[in-house]
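Since the structure comes first, as structure tokens, the remarks are kept for the end.
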Amino acid sequence: MGKFSIANLKKTAYYLKRNGIRKTLEAVAERLGGDGPPDYEWIPVSPQVLAKQRAEAAGFSGVKFSIVVPAYRTPERYLREMLESLIRQSFPCWELILADATEDDSVKSVAESYKDARIRYHRLPFNDGIAENTNVGIELAEGDYVGLLDHDDVLTENALFEMAAAVRQAMKQGISLQLLYSDEDKCDGEMQTFYEPHFKENFNLDLLLSNNYICHFMVMKRELMQMLRLREAYDGAQDFDLALRAAAVLSGKEEEIRHIPLVLYHWRCHARSTAENPRSKMYAYDAGRRAVEAFTGEQGWKVKVKDTEHLGFYRLEYQGNIFEMRSEVGALGGSLVSRGRIVGGRMGRDGRILDEGLPVSHSGYMHRAVLQQEAEALDLRNLELRKELWPLFQRVLGTDYRELPGTGIFDVSALPEGTDPVRAGVELSDAIRREGYRLLYLPERVRKIPFAGRKRV
């Protein structure tokens, strides 16, 4: 169950106002029923591991991080905790660029009190907004990689080491990483309680179009970051817009994007933060939607980007044939529902139905059950296949692709007797991915099937 707080009560009240009593009761039931955030305890890296990392880091070369922090009237305690989270890093090759728009010397005096040459303080002549303030720091960056850190958040002590290790490992494979991101969690203003961990997916373009799941901690090759910069028009979702534009540049080169599956970033929640009070920055969610609109427009896709009932989460409504708009999509899938519960649809490569048993009124962890996203495998019982791949279907499954009349969905009765449609879906999905196509899961494409217990029919 989620963290109880006055802020969460306010969020619930706003959800009620926005979505009505039925949806609110369903959301509360989901949390109380154990389908909300997982039980979580933040366990810091041990001193022994950190010591080992420091010794290993001494042999690293060619990897330096520039951490850019836009500051504005930062409370001294938060500022010191952010600075000290960098000073305590087990990887020492970094610089901090503190781009400060505060009217007085409060931030400057704290920064200079540390007497650390790696801390580079830069006074801004005026407050030009978070995007432009950050851009000043980006332009001043001299490291190989640039990471973005909010002035009141903190990094874990092993954050930069884990990023550097990933970069070095990729180098050994002949890959120059352009974008890295980690898992994250939230913490209270006192940094005593850590909660709502965000355990992320590997890079998934369509999931990113549904929500800025990359978010914190994002690190980018300096040349790419300086080329893209942040855009003022998307203040509030400037990092989301940046991630989407980076994804466009790296299209077809997803091996240069790396997810570090470790919590390396603590997102501090206090009264003024977006994390604690989403209503305080409603403009950020509007900016996020416009960022998705900009991306899809630049791709030439005819879509309408819609807000979902969950703030900061979006859905694309395609205005026409998806296969015609997106040549990289090989198959479309949707959910299968029986007696109000999900029994098929989005699967892992092992054939596990990822949302199996979840009530259709629930959204699952990080709302993934209701978000459009690339899938590893799709269930044949609610699958639509690109026509160019029909011969592949025949080769893999030994039967012709046949559609249910008027639906475009595959008719599973065409399968040879005794064929498990779940296993067959995994085999076909593997073959489609080997051909270089994406599998797109559209949860709004719901197909109801007769109840059959846990038997796969």
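The values are calculated or read from the model by the stated rules, or taken from the named source; none is laboratory data. Note that the structure is a prediction, hence the values are computed from the model and not measured. Heads up, the Cβs are rebuilt from the backbone with ideal geometry, glycines too, and the neighbour counts pull from every protein chain shown.
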Q) Tally time: how many residues in the stretch 150-205 are within 19 Å of the chain's Cα centre (by Cα) and of a type in the set (Gly, Ala, Ser)? A) 3
Q.
For the stretch 135-151: of the residues being touching a helix residue (DSSP H, G or I) at 6+ places or on another chain (Cβ under 7 Å) and not aliphatic (A, V, I, L, M), which is surrounded by the fewest Cβ atoms within 10 Å (Cβ to Cβ)?
A. Glu139
**Q.** In the stretch 380-399, residue surrounded by the fewest Cβ atoms within 10 Å (Cβ to Cβ) [restricted to those that are touching a Leu at 6+ places or on another chain (Cβ under 6 Å) and touching a residue at least 40 places away in the same chain (Cβ under 8 Å)]
**A.** Glu384
Q.
Given the condition modelled with pLDDT of 95 or more, within 23 Å of Phe217 (Cβ to Cβ) and buried (at least 20 other Cβ atoms within 10 Å of the Cβ), answer yes or no: does some residue in the stretch 293-304 qualify?
A. yes
Q.
Please go through the stretch 44-84 and give me each residue that is surrounded by 22 or more Cβ atoms within 10 Å (Cβ to Cβ) and under 15 Å from Met163 (Cα atoms), ordered by number.
A. Phe65, Ser66, Ile67
(Q) Restricting to the stretch 80-112, give me the number of residues that are touching a His at 6+ places or on another chain (Cβ under 8 Å) and either without any contact (Cβ under 8 Å) to a residue 60 or more places away in the chain or among the β-branched types (Val, Ile, Thr) (or both). (A) 4
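From Ala424, Ala431, grab the single residue that is among the small types (Gly, Ala, Ser), surrounded by fewer than 18 Cβ atoms within 10 Å (Cβ to Cβ) and under 21 Å from Ile353 (Cα atoms). Quick ask: steps written out before the conclusion?
Numbers: Ala424 fails: surrounded by fewer than 18 Cβ atoms within 10 Å (Cβ to Cβ).
Result of the check over Ala424, Ala431: Ala431.
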Q. Does Glu376 count as touching a Gly at 6+ places or on another chain (Cβ under 9 Å), closer than 30 Å to Phe199 by Cα and surrounded by fewer than 14 Cβ atoms within 10 Å (Cβ to Cβ)?
A. no
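Of all the strands (runs of 3 or more DSSP E) wholly in the stretch 164-273, which have at least 1 residues that are surrounded by fewer than 20 Cβ atoms within 10 Å (Cβ to Cβ) and aromatic (Phe, Trp, Tyr)? Show your work before the answer.
Values: elements: 179-188, 194-198, 218-221, 257-269.
The strands (runs of 3 or more DSSP E) meeting that bar are 194-198.
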Q: Considering each residue of the stretch 128-162, count those that are of a type in the set (A, V, I, L, M) and assigned to a helix (DSSP H, G or I), and give that number.
A: 7
Q: For residues that are assigned to a helix (DSSP H, G or I) and under 27 Å from the mean Cα position of the chain (by Cα), scanning just the stretch 85-123, find the one that is surrounded by the fewest Cβ atoms within 10 Å (Cβ to Cβ).
A: Ser85
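Do the conditions hold for Tyr78, that is, is it within 31 Å of the chain's Cα centre (by Cα) and in a strand (DSSP E or B)?
Details: within 31 Å of the chain's Cα centre (by Cα): yes; in a strand (DSSP E or B): no.
Taking the combined requirement at face value, the residue does not satisfy it.
Please work out if Ala55 is part of a loop (DSSP other than H, G, I, E, B), over 26 Å from Met191 (Cα atoms) and in the same structural domain as Met163 (by TED's automatic domain parsing). Full working, then the answer.
Working: part of a loop (DSSP other than H, G, I, E, B): no; over 26 Å from Met191 (Cα atoms): yes; in the same structural domain as Met163 (by TED's automatic domain parsing): yes.
No, not satisfied.
Just to be sure, is Leu440 in the same structural domain as Val343 (by TED's automatic domain parsing), surrounded by 14 or more Cβ atoms within 10 Å (Cβ to Cβ) and assigned to a helix (DSSP H, G or I)? Don't jump to the end; show me each part of the working.
Details: in the same structural domain as Val343 (by TED's automatic domain parsing): yes; surrounded by 14 or more Cβ atoms within 10 Å (Cβ to Cβ): yes; assigned to a helix (DSSP H, G or I): no.
Here the answer is no, as Leu440 does not meet what is asked.
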